[in-house]
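A short write-up of the structure that comes next.
Since every read-out is calculated from the coordinates, none of them should be taken as a lab result. Owing to the predicted nature of the structure, the values given are computational and were not obtained by experimental measurement. Cβ sites come from the backbone with ideal geometry, for glycine too, and all protein chains shown count toward neighbours.
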Amino acid sequence: MNSITYSLALFLLVSLSFLPAHAGSLSLPQPTGNVLLEVSGDIRYTNAGDKARFDRKMLHTLPTHVLTTHTPWTDGKRQFRGPLIRDVLSRVGADGDELRVEAMNGYIGLIPISDVVDYDVILAMSMDGKPLVIRNFGPLFVLYPFDENPDLNTEDIRYRSVWQVAKIHVH
Amino acid sequence: MVNYLRYPLRLKLGAAAVLGFFIAALVVAGMIVWRQESLANSVGGDVTWAAYKLDREAIQLRDKLDEVNDLDALRIKFELLYSRLNILQRGDIGELFQRIDDQTQLIPAIASQMDILDLQFGGLERLDEASRRSLQAALDPLIDLSQRLVIATNTHLGKAKQQEREALQWLHWMLLSLLGLMSLSILMVTRFLFREARENAESRRAQEVLRRRLEESAQKAQDANEAKSEFLATVSHEIRTPLNGVIGMSEMLRGRPLDPSSRRYAEIIHDSADKLLGLINDILDFSRIESGHLELEHVDFSLQELIEAAVRLFEPRAAYKGITLTSQLADDVPERLQGDPGRLRQVLLNLLSNAIKFTEHGDVSVQVSYSADERLLVSVRDSGSGISDEQRHRLFEPFRQGDASTARRFGGSGLGLVICRRLVSAMGGDIEFISRVGEGSRFWFEVPLRRANPPEQTNKSAEPHFWPALPSGQRLLVVEDNAINQQVARIMLTRLGCRVEIASSGEEALRITQGDPFALIFMDLQMPLLDGFEVTRQLRRRADWCARVPIVAMTAGTFGDEHARCLAAGMNDYLIKPLSSAQLQATLHHHIGGMDETTSIPSEDGRAGEDGASEESASEPIEASAVDSGNEPRLALDVLDELHEHLALEDVRKLVNVYRRQMPGRLEALSLAINNGQVDQVMQLAHLVKGEALSLGLCQVGERARELESAAQRAPHDHLTMLLDALENCLSPSLDDLEAWLDGTSLRPIDMQDSRESNAE
């Protein structure tokens with residue numbers, strides 16, 4: 001599938017979830033706690049200028065996905081929890097081909113939208129029930145389902161697996 | 001399995017080598033692939049990155065110490081730095097670092113330094129100069145350690161990469177050489193296969209050559225056998241001619257008044273010659289069968305008559321030896337059957353002859369039955385001496401008899417049973433026997449013979465021919481080198497009313513034919529210098545009458561492709577010696593016969609034969625019944641006149657008396673020969689009778705004898721008997737007429753001179 005098809009599919013998803021009648025109730029509230037994530041770029045719903053900011057509580061309102069897998073950076077099989085990235089993007093009405101994910105230390109990973117549509121890629125918030133802290137890839141960690149898809153164990157995907165995520169730019 | 005075993009060792013070894021090298025190459029290739037998936041390769045880059053980031057984060061934190069006032073921001077920076085340590089210690093990266101850090105123990109040092117920093121950050125209330133100093137003091141060793149880690153990592157990875165490269169290189173070389181070896185082995189195997197194929201082709205070629213040689217030698221053997229048969233036939237044939245002279249002369253001798261011992265000698269000569277003739281006839285028969293010249297008839301005949309005649313023939317001999325001879329036909333044997341009665345009779349007579357020959361007392365019986373599947377079973381049982389087991393297998397072999405003593409005691413050619421077996425198998429049947437020494441034997445044969453169709457009585461082909469008279473006075477040329485044959489031909493042809501000239505050689509023939517044209521040329525094939533073929537070819541090349549004149553070959557040979565060669569040389573016909581006047585007559589009629597074929601009155605037109613129409617004329621002879629002798633003249637007066645011209649009347653009378661005494665013997669012999677189915681014998685005797693009759697002017701008797709002679713070859717037994725009866729019937733009236741002529745001639749003066757001249761014109 002090419003990028004246009006992905007955009008179209010995403011757009012359809014977004015328009016279905018955010019019908020005008022519900023626009024008010026579904027519009028993005030203001031974060032009350034520490035801001036964990038800031039989404040910018042081609043998004044429709046915002047709460048701080050042209051950006052959408054999320055605190056931990058807001059992220060928890062999104063459906064939590066459980067991903068149990070090995071990773072190249074942890075020992076043994078671990079259980080991660082967090083929203084699917086495509087759910088996050090739906091929440092902000094994102095419309096683009098690529099995500100530019102920026103970490104707290106300035107590292108930047110580029111993720112094609114197709115990755116988050118094809119795979120259940122999550123924004124992990126906890127490991128084995130404990131919230132992720134900065135020392136342990138926290139607070140947010142882009143995590144691919146490595147065990148489900150062994151072919152994801154490549155350099156490319158490892159560079160896309162950004163930890164200590166702070167910002168996502170959709171374009 | 002047999003095929004597999006036939007492959008040579010080198011081929012098997014070659015194939016095994018190819019397989020071995022192929023498997024080795026596969027293993028090496030597998031190793032290369034597996035190598036590329038090793039840890040250093042997969043996370044090598046990550047490790048460098050992680051070490052570098054640790055170092056960089058540490059330096060950044062130290063740089064921030066002086067600039068930043070916000071303690072929280074600094075804490076986050078520290079947290080980020082700490083997370084780097086965690087990454088170094090966990091997962092695949094952690095594993096690789098343990099290997100890199102094996103000796104230097106940098107990571108534990110970094111971890112403890114990090115813990116010191118952690119404690120310092122934990123206890124920090126606010127950021128002042130003193131705390132900045134202490135933090136810096138703790139950070140500096142960390143940076144130092146992290147720098148060393150970066151260097152160690154790079155060194156390790158570099159070394160690992162080099163090792164890896166060398167190993168891979170080695171594997172690649174290995175793979176290449178294995179591939180090379182494999183190609184070499186394949187090349188060898190291919191070469192072996194080629195050589196194998198070449199050797200196979202060579203051996204096939206050798207086999208082919210061998211096969212051709214075998215075929216050639218088989219052909220040669222076959223040719224030699226045929227040549228032998230031909231030789232036998234020729235020799236037998238050649239012997240028979242003088243033998244006939246011996247028989248005839250001894251017969252003449254017996255007819256003269258002789259003293260007792262001379263008479264005994266004459267009898268012995270006669271008997272010996274007769275036996276010899278029998279043997280020769282056997283051999284001739286055998287060689288004819290051997291060379292595939294046996295032809296079977298398919299005519300209707302009465303089996304009962306055949307059996308009875310055969311038994312009757314042997315009755316006197318059996319009675320002489322005191323043996324009872326009986327025959328018994330089963331009720332279901334059909335009255336008439338279809339087949340070759342002559343050959344059947346020959347077999348039966350042979351078996352009967354043997355049975356009587358070897359039986360001293362007791363009985364001989366013939367039993368005949370007919371099975372539902374149309375097979376005739378004839379068995380001949382005797383109470384004779386029997387045949388021992390040792391003799392058994394030799395019995396049906398040519399020229400072999402039971403044992404040597406048999407040959408001495410009983411004589412015979414040893415061909416009788418062989419001929420029987422060949423004849424029976426030619427008829428599609430079998431001949432067998434059982435025997436016990438001292439008790440007797442039983443020979444039987446079984447042949448498939450169909451029931452005859454209801455008789456229609458149209459035996460056209462067997463009817464004798466009546467030729468229309470020839471245009472008399474034809475000029476004929478006989479090319480023949482043998483003086484006797486010259487005379488025979490001259491006499492016979494003159495008898496047929498022709499004028500004959502003789503050429504004694506091919507050269508002479510070519511010379512004579514320069515002159516006036518001949519109506520027909522008889523050409524002997526075997527002549528010295530110029531043979532008949534060559535003379536014919538030369539004649540045919542000429543522009544004059546010689547190109548068209550009928551040329552008839554005369555030859556003693558009866559085998560091979562002579563006939564075809566004659567036609568190819570340009571001859572029109574082909575006669576086999578000895579010449580018979582019937583043959584000659586038929587030939588003359590065929591080639592220069594009279595124009596009017598319905599008349600039997602002698603034509604006066606001597607030039608008819610020179611017309612172009614001679615080819616088709618007289619080719620269809622008139623057929624008439626053998627016994628219908630209506631107003632045929634009994635005497636040939638011109639012959640008698642001629643005879644009278646050369647002999648005194650008294651001598652003629654003597655001759656006639658000798659003839660009168662001889663004839664019963666001749667007729668008896670003829671009857672015997674007919675019953676025996678000895679075609680050649682019949683022909684010989686009939687020919688003899690004919691010759692004698694014609695020379696005495698008994699033209700009706702001669703004609704009957706001629707009919708018998710010419711019919712002997714083809715006609716069934718019944719018909720020959722009928723012809724013989726006709727011959728016998730006309731004999732005494734003819735002799736009476738002859739007596740009358742003799743009486744009459746002795747009273748009147750001779751004036752045949754005039755009549756002869758009037759005939760010749």
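Using the per-residue mean of other Cβ atoms lying within 10 Å as a proxy for protection, in what order, highest first, do the peptides B:163-175, A:47-59 fall?
Packing proxy ranking, top to bottom: A:47-59, B:163-175.
Explain nothing, just compute: Karplus ³J(HN,Hα) = 6.51 cos²θ - 1.76 cosθ + 1.60, θ = phi - 60°, for every residue of segment B:517-527 in order, whole Hz, x for Gly and Pro.
x, 9, 7, 6, 10, 9, 10, 6, 7, 8, 9
What are the ³J(HN,Hα) values, in whole Hz, obtained from phi via the Karplus relation 6.51 cos²θ - 1.76 cosθ + 1.60 with θ = phi - 60°, for each residue of segment B:329-335 in sequence order, with x given for Gly and Pro?
These are the phi-based 3J(HN,Hα) values: 9, 5, 5, 8, 6, x, 5 Hz.
What ranking, highest mean first, results for peptides B:361-373, B:61-73 when packing means the other Cβ atoms within 10 Å averaged over each residue?
Going by the mean number of other Cβ atoms within 10 Å, highest first, we get B:361-373, B:61-73.
Hey, got the average number of other protein chain Cβ atoms within 10 angstrom for residues in B:80-86?
That average works out to 5.
Can you give the convex hull volume per residue for the Cα atoms of segment B:201-249, as a whole number of Å³?
28 Å³
Please work out the Cα convex hull volume for segment A:3-170 and give it in Å³ per residue.
Dividing the Cα hull volume of segment A:3-170 by its residue count gives 110 Å³.
Can you order the peptides B:271-281, A:92-102 by their average number of other Cβ atoms within 10 Å per residue, highest first?
A:92-102, B:271-281
Partner chain Cβ atoms within 10 Å, averaged over the residues of A:68-75 - can you pull that number for me?
Going residue by residue through A:68-75 and averaging, the value is 5.
Say a paramagnetic label sat at a point 7 Å from the Cα of B:Arg126, along Cα to Cβ; which residues of segment B:53-86 have their backbone N under 14 Å from it?
B:69-72
What Kirkwood radius, in Å to one decimal, follows from the Cα pairs of segment B:299-450?
By the Kirkwood definition, the hydrodynamic radius is 15.7 Å.
If amide hydrogens are placed 1.01 Å from N in the peptide plane, which non-local residues have theirs closer than 5 Å to the one on A:Asp97?
A:His171
Give the distance, in whole Å, between the Cα centre of segment B:495-535 and the Cα centre of segment B:265-308.
That distance is 36 Å.
Can you pull the percent of Cα pairs in segment A:56-118 with separation above 19 Å?
Counting every Cα pair in segment A:56-118, those more than 19 Å apart make up 48 percent.
Calculate the mean, over all residues of peptide A:148-161, of how many other protein chain Cβ atoms lie within 10 angstrom of the residue's Cβ.
1
Dipole of segment B:299-450, Cα-centred, from +1 at each Lys and Arg C-beta and -1 at each Asp and Glu C-beta, to the nearest 20 debye?
The dipole magnitude comes to about 660 debye.
With a ≥ b ≥ c taken as the square roots of the eigenvalues of the C-alpha gyration tensor of segment B:178-323, please select rounded if a/c is under 1.5 and otherwise prolate if a/b is larger than b/c or oblate if it is not?
Here segment B:178-323 falls in the prolate category.
Note the direction-averaged projected area, equal to a quarter of the hull surface, for the Cα convex hull of segment B:224-290, in nm².
Hull-based average projected area comes out at 4.4 nm².
If N is the number of residues in segment B:94-248, what value comes out of its Cα radius of gyration divided by 2.2 N^0.38 Å?
In units of the 2.2 N^0.38 Å rule of thumb, it is 3.54.
Per residue, what volume in Å³ does the convex hull of the Cα atoms of segment B:82-157 enclose?
79 Å³
What is the order of A:Lys130, B:Lys228, fewest Cβ neighbours within 10 Å to most?
Exposure proxy ranking, most exposed first: A:Lys130, B:Lys228.
Would you mind getting me the FRET efficiency between B:Glu501 and B:Arg537? Use the beta-carbon distance for r and R0 = 25 Å, nearest 0.05.
Working from the Cβ atoms, E equals 0.75.
How far apart, in nanometres, would the label points at B:Glu297 and B:Asp259 be if each is projected 7 angstrom from Cα along the Cα-to-Cβ direction?
Using points 7 Å along Cα→Cβ, the separation is 4.9 nm.
Looking at this model, which pairs from A:Lys77/A:Lys167; B:Lys228/B:Lys275; A:Lys130/B:Lys161; A:Lys77/B:Lys64; A:Lys57/B:Lys77 are more than 29 angstrom apart at the alpha-carbon?
From A:Lys77/A:Lys167; B:Lys228/B:Lys275; A:Lys130/B:Lys161; A:Lys77/B:Lys64; A:Lys57/B:Lys77, over 29 Å: A:Lys130/B:Lys161; A:Lys77/B:Lys64.
Just to check, using Stokes-Einstein with a Kirkwood Rh over alpha carbon pairs, what's the diffusion coefficient of segment B:682-735 at 37 °C and 0.692 mPa s in µm²/s?
D, rounded to a whole number, is 308 µm²/s.
I need the phi-derived Karplus couplings for segment B:352-359: 6.51 cos²θ - 1.76 cosθ + 1.60, θ = phi - 60°, integer Hz, Gly and Pro marked x.
Whole-Hz 3J(HN,Hα) from phi for segment B:352-359: 5, 4, 4, 4, 6, 4, 9, 10.
Report the percentage of all Cα-Cα pairs in segment B:328-373 whose separation exceeds 16 Å, rounded to a whole percent.
Distances greater than 16 Å cover 53 percent of the Cα pairs.
With 23 Å as the cut-off, how large is the P(r) tail for segment B:9-212, expressed as percent of Cα-Cα pairs?
Across segment B:9-212, Cα pairs with separations above 23 Å total 64 percent.
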